[in-house]
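First the structure, in the form of structure tokens, and then the observations on it.
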Amino acid sequence: MSSNKKLFIQTLGCQMNDTDSQHIVAELEKHKDYSQTDVMEDADLIIINTCSVREKPVQKLFSEIGQFNKKKKDGAKIGVCGCTASHLGKDIIKRAPYVDFVVGARNISKIKDVVDIKGSVEISIDNDDSMYEFATAKTNKYRASVNISVGCDKKCTYCIVPSTRGEELSIPVEMIVDQVQKSVNQGAVEVMLLGQNVNSYGRRFSDGREKSTFTKLLQEVSKVEGLERIRFTSPHPLHMDDEFIEEFAKNKKISRCIHMPLQSGSTSILKAMKRGYTKEWFLNRTAKIRSLVPDLRITTDIIVAFPGETEADYQDTLDVVREAKFDQIFNFKYSPRPGTEALKMEDLAVPDKIGSARLIELIELHKRHLEAIMPTYVGQTFSVLVESLKPNGEVCGFTDNYLQVFAKGSDELLGKFVNVKITDNSRTSLKGEIVQ
Ligand code: SAH
Ligand code: SF4
Ligand code: F3S
């Protein structure tokens, strides 16, 4: 359907927000006759889908909407969605009165009802039966993202997510499988299953049905014919039991790259964070999974300068980094968040200068690891799923363990697996030649 109304959407934050943005676009296309534009100045409706996890993205929200308001087309509306919408609610309109509506992360399904109501604020985090009922989300043609749960029941003391996304509820398995099947019918070969704590999938369903497990879900999803690769994020190291690790190792559809968010390597800081595991448990899990999956790559999240983090605690984190040999690290400096338990530990705050120095040292340590490991891939041949075409005549894709690979090639390779012999590397990607 062609339409004159244009929607511009900007997404901050995590992959859940990316999927939510796809749902917002799909809902507004289907019900409100909008079509998406990349040019903010052409838009009749401007939406920013926000993140609250650290203070920086919150500041970014206000600077961005200020700019949007100055440059937007006459009469264009501005909406704020996502996690900052959940936690600041009507204060957003107080601070920026030109904002037309506010929709929290748990209320995305209401988007079509509020776009035309000036001043509406939808931010409840109660269960809402309509919340999984979206128009089909458009995805990267070869890769689909599918939510498997909403919310989070963990109470990590630094984290605002449970208060922006509410209690954890699992989405019924048949809805997930159906969504995966639909995406595969539309050309997807890979699926990314999304939840804040995917390993606790099945503990509580919205319809009160019997419990299930993430391992069982993986088994069901892998039965979808035509689906070649399954990825998921985020698992929680505490809930990575042996059954899960064994399924991960033997299920050939599961990508050999796993995210294991460490947060800290110090057992006492992990306790203060309420992560529920120790340094030893984490190392035991990485060792077990590496022993069963030799070509595994592990990615992680680390927070430095959590309140009370001593030099010895920080050294424990470096120890784990050296031993677990992470292939990618998302590093963060602790950022105090409203309403979290860690906020009460302000008197233990680590001076900013020390936090910054720790972050830099961690980044350097990881760089040295990448400089050592990436050249070892040169000369090897990998099966690569080709996903995109670059303007320089190269195609780009990912190996089964999620290494990014570039090679000369053309559009008929898109969506296919090809063998690539690696000839060169950078710190974060590989280059090679397609071979038979
Ligand atoms: N549910 C996911 C995390 C979502 S938030 C999980 O448990 O892995 C993504 C990452 O942001 C977290 O893993 C953590 O490393 C970081 N983060 C969360 N709160 C933060 C805070 N207050 N300050 C700094 N980093 C934080
Ligand atoms: Fe936040 Fe912890 Fe839940 Fe992840 S598991 S979203 S870090 S509370
Ligand atoms: Fe994601 Fe940020 Fe919300 S990380 S869950 S968009 S606070």
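The values are calculated or read from the model by the stated rules, or taken from the named source; none is laboratory data. The model shown is predicted, which means the values in this text are computed figures rather than measured ones. Positions of Cβ are generated from backbone atoms using ideal geometry, with glycine treated the same way; all protein chains shown enter the neighbour counts.
Only one entry in 262, 318, 270 is within 16 Å of residue 366 (Cβ to Cβ) and either within 14 Å of ligand 1 (Cβ to nearest atom) or of a type in the set (Lys, Arg) (or both), namely 262. All conditions in (1) of a type in the set (A, V, I, L, M); (2) more than 20 Å from residue 245 (Cα to Cα); (3) in contact (Cβ under 8 Å) with a residue 40 or more places away in the chain hold for residue 292, with the sole exception of (2). In summary, residue 34 fulfils each of the numbered conditions (1) crowded, with 20+ Cβ neighbours inside 10 Å; (2) under 17 Å from residue 61 (Cβ atoms); (3) of a type outside the set (S, T, N, Q) with the single exception of condition (2).
Counting only helices (runs of 4 or more DSSP H) that sit completely within the range 146-261, those holding 2 or more residues that are within 16 Å of ligand 2 (Cβ to nearest atom) and buried (at least 18 other Cβ atoms within 10 Å of the Cβ) correspond to 161-165. Tell me, yes or no, whether the range 71-85 has at least one residue that is within 16 Å of ligand 1 (Cβ to nearest atom) and not in a helix (DSSP H, G or I). Scanning the range 71-85 turns up at least one residue that is within 16 Å of ligand 1 (Cβ to nearest atom) and not in a helix (DSSP H, G or I). The residues of the range 329-355 that are more than 16 Å from ligand 3 (Cβ to nearest atom), surrounded by 14 or more Cβ atoms within 10 Å (Cβ to Cβ) and without any contact (Cβ under 8 Å) to a residue 60 or more places away in the chain, listed by number, are 329, 349, 350, 354, 355. Checked against the criteria, residue 21 does not count as within 16 Å of ligand 2 (Cβ to nearest atom) and either within 24 Å of residue 159 (Cα to Cα) or in contact (Cβ under 8 Å) with a residue 40 or more places away in the chain (or both).
When residue 52 is tested against (1) surrounded by fewer than 20 Cβ atoms within 10 Å (Cβ to Cβ); (2) within 16 Å of ligand 2 (Cβ to nearest atom); (3) assigned to a loop (DSSP other than H, G, I, E, B), only condition (1) is not met. Exactly one residue among 209, 275 is over 25 Å from residue 143 (Cα atoms), within 23 Å of the chain's Cα centre (by Cα) and not small (Gly, Ala, Ser), and that residue is 275.
Here's the yes/no breakdown for (1) among the aliphatic types (A, V, I, L, M); (2) farther than 29 Å from residue 162 by Cα:
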| position | (1), (2) |
| --- | --- |
| 41 | no, yes |
| 48 | yes, no |
| 72 | no, yes |
| 86 | no, no |
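Criterion first (within 16 Å of residue 359 (Cβ to Cβ), crowded, with 16+ Cβ neighbours inside 10 Å and polar (S, T, N, Q)) does residue 264 satisfy it? Yes, satisfied. Only one of the listed residues (164, 157) is over 24 Å from residue 103 (Cβ atoms) and within 16 Å of ligand 3 (Cβ to nearest atom). That residue is 157.
Do any residues in the range 38-51 that are assigned by TED's automatic domain parsing to the domain that holds residue 99 have Cβ atoms under 7 Å from those of residues that are part of a helix (DSSP H, G or I) and surrounded by fewer than 17 Cβ atoms within 10 Å (Cβ to Cβ), where the two are at least six apart or on different chains, and which pairs are they? Taking only residues 6 or more apart or on different chains, the pairs are 40/71; 41/71.
Taken together, 211, 216, 155, 182 contain a single residue that is without any contact (Cβ under 8 Å) to a residue 12 or more places away in the chain and in the same structural domain as residue 276 (by TED's automatic domain parsing), which is 211. Only residues that are outside any loop (DSSP other than H, G, I, E, B), without any contact (Cβ under 8 Å) to a residue 60 or more places away in the chain and within 16 Å of ligand 2 (Cβ to nearest atom): list them for the range 262-286, please. Passing the criteria: 269, 270, 271, 281, 282, 285.
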